[in-house]
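Please read the structure below before turning to the comments.
Any read-out appearing in this document is the output of simple, stated calculations on the displayed coordinates, not a laboratory observation. These figures come from a predicted structure and were not determined experimentally. Cβ placement follows ideal geometry from the backbone for every residue including glycine, while neighbour counts extend to all protein chains displayed.
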Amino acid sequence: MGIFRRFTRGELHLTRIEAFSDGVFAIIVTLLVLELKVPELHQVTSAGELAHKLLDLMPKLISWMISFVIVCKFWLNHHHILSLARHADYAMVWLNSIFLMFQSFVPFPTALMGEYAANPLGVSLFGMVMAFNTLLFMVLHAYILRNLIRPELAGTQDPNIIPKSFIGVASYLAGAALAWVNVHAGFAVYALTPLFFIVPPVYTPKPAQDTRASGHP
């Protein structure tokens, strides 16, 4: 158990962790767009051929848009949960690093889904990867809430925020399952899922109720 206690040590500055995380997110969104390549034409002056090629590019374009929104949603919520911590310990650094590692994997299932948009396995794999990434994010969030939350923020967070986050996991898995029935349904579910946490949740505790009788000091 001693090795696990070592991970709870350390008081690392959050600024370097935030800078590293922002850099990884920036690289991810850059890699996503690299799959959108200008189509090659046999007749460079043919508007009809170009229109046909652009139409063929639509699955990749839609995959890019969905992934871009999801990654931006992760980045925004990631910024929020790191702002809750008073400092970082080694456990938080490694949980954050593992989360970022699988975030950096996102361009692969995105490219796979765009290239093989009619293949249920390709579309389904995207949802499974996103569900797993959501679980990793939840673990990081839960660790900060339990061990590193700033004292002035204690009691101001929604106590049900982690259970509520399973909505995202369930939605991505539902999209992955639906892809085997209809790939378009899978795409639709993936596009709608980020709306659940498009902005970080805010919870303000209710003020203590005044129990004094009306009209009496």
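Percent of Cα pairs in the stretch 6-147 per distance bin of 10 Å, from zero to the largest separation: 11, 35, 26, 16, 8, 3, 1.
For the chain, the 222 nm mean residue ellipticity estimated from helices alone, with every DSSP H stretch of n ≥ 4 adding -39500 (n - 2.57) and the total spread over all residues, rounds to -20500 deg cm²/dmol. Taking label positions 7 Å along the Cα-Cβ direction at both residue 50 and residue 152, the computed distance is 5.7 nm, reported to one decimal.
Between the beta carbons of residue 79 and residue 41, assuming R0 = 35 Å, the FRET efficiency works out to 0.25 to the nearest 0.05.
Ordered by the count of other Cβ atoms within 10 Å of each Cβ, fewest first, 86, 146 give 146, 86. Rounded to two decimals, the Cα-based Rg/Rh of the stretch 62-217, with Kirkwood Rh, is 1.12. Full extension of the chain between residue 102 and residue 26 gives 25.9 nm of extra length, using 0.36 nm per residue less the Cα-Cα distance. The order of the peptides 115-124, 170-179, 42-51 by mean Cβ neighbours within 10 Å, most packed first, is 170-179, 115-124, 42-51. Give me the percent of Cα-Cα pairs in the stretch 118-195 that sit more than 15 Å apart, rounded to a whole number. When all Cα pairs of the stretch 118-195 are counted, 58 percent exceed 15 Å.
So, R0 is 35 Å and r is the distance between the beta-carbons of residue 160 and residue 61; what FRET efficiency does that work out to, to 0.05? Before the final figure, lay out the partial values.
Details: r = 37 Å, r/R0 = 1.06.
So, using R0 = 35 Å, E works out to roughly 0.40.
The calculated FRET efficiency for the pair residue 18 and residue 128, based on their C-beta separation and a Förster distance of 25 Å, comes to about 0.30. Exposure proxy shown here: for 37, 60, the number of other Cβ atoms within 10 Å sets the order, fewest to most, as 37, 60.
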